[in-house]
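Participant: Following this message is one structure expressed as structure tokens.
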Amino acid sequence: MYKGHKFFYLSIICVLLSIFLSVHNPVIKSLFGSINAIILFTGLVNAILLVISIVLIDKAIKHPEQSSEGVYRWTKVWPWVILVVIIYHLLSGLFLFGII
């Protein structure tokens, strides 16, 4: 497998795990008793996952010769998807606190 493909697919996995570990996940709500613990855990884990995803997608963009044309197109769009996921996490945290 090409390096560009590997970095892109690992970035997708990190983003999907980040979405799964949202504050609205009932499994996480049952593991942690307080809202503060939920926000702290999901915030730290999602920040780490999204930073790893950004680093991986940056590496995938830097290796265009080692990826197919379709994957390279998606690597150009993927940072915008990561931005949408970050906005989703911010809004879901605001909804959880009742600010919005």
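A short reminder: the numbers here are calculations on the coordinates, not readings from a lab. Note that this is a predicted model, so its numbers are computed, not measured. Backbone-built Cβ (ideal geometry, glycine too); neighbour counts: all protein chains shown.
Participant: Can you tell me how much longer the chain between Phe20 and Lys62 gets when fully stretched, taken as 0.36 nm per residue apart minus their C-alpha distance, in nm with one decimal? Kindly include the intermediate steps, with their values, before the conclusion.
Facilitator: Working: separation 42, 0.36 × 42 = 15.12 nm, distance 2.80 nm.
So the chain would gain 12.3 nm between Phe20 and Lys62.
Participant: Additional query: Pop the C-beta distance of Ile13 and Ala37 into the FRET formula with R0 = 25 Å and round what comes out to the nearest 0.05.
Facilitator: Values: r = 25 Å, r/R0 = 1.01.
The computed FRET efficiency comes out at 0.50.
Participant: Check the straight Cα-Cα distances from Lys3 and name the lysines below 22 Å, setting aside those fewer than 8 residues away within the same chain.
Facilitator: In chain and number order, the partners are Lys59, Lys62, Lys76.
Participant: Within 10 Å of each residue's Cβ, count the other Cβ atoms and sort Val77, Val23 from fewest upward. Walk me through the intermediate numbers first.
Facilitator: Details: Val77 9, Val23 20.
Lowest to highest Cβ neighbour count: Val77, Val23.
Participant: If you don't mind, another one. Putting +1 on Lys and Arg Cβ atoms and -1 on Asp and Glu Cβ atoms, find which of Ile35, Leu50, His24 reaches farthest to the positive end of the dipole of the chain.
Facilitator: Leu50
Participant: Can you match Rg/Rh (Cα atoms, Kirkwood Rh) to one of these, [x] 1.08; [y] 1.05; [z] 1.17, based on a calculation from the structure here?
Facilitator: Among [x] 1.08; [y] 1.05; [z] 1.17, the one calculated here is [x].
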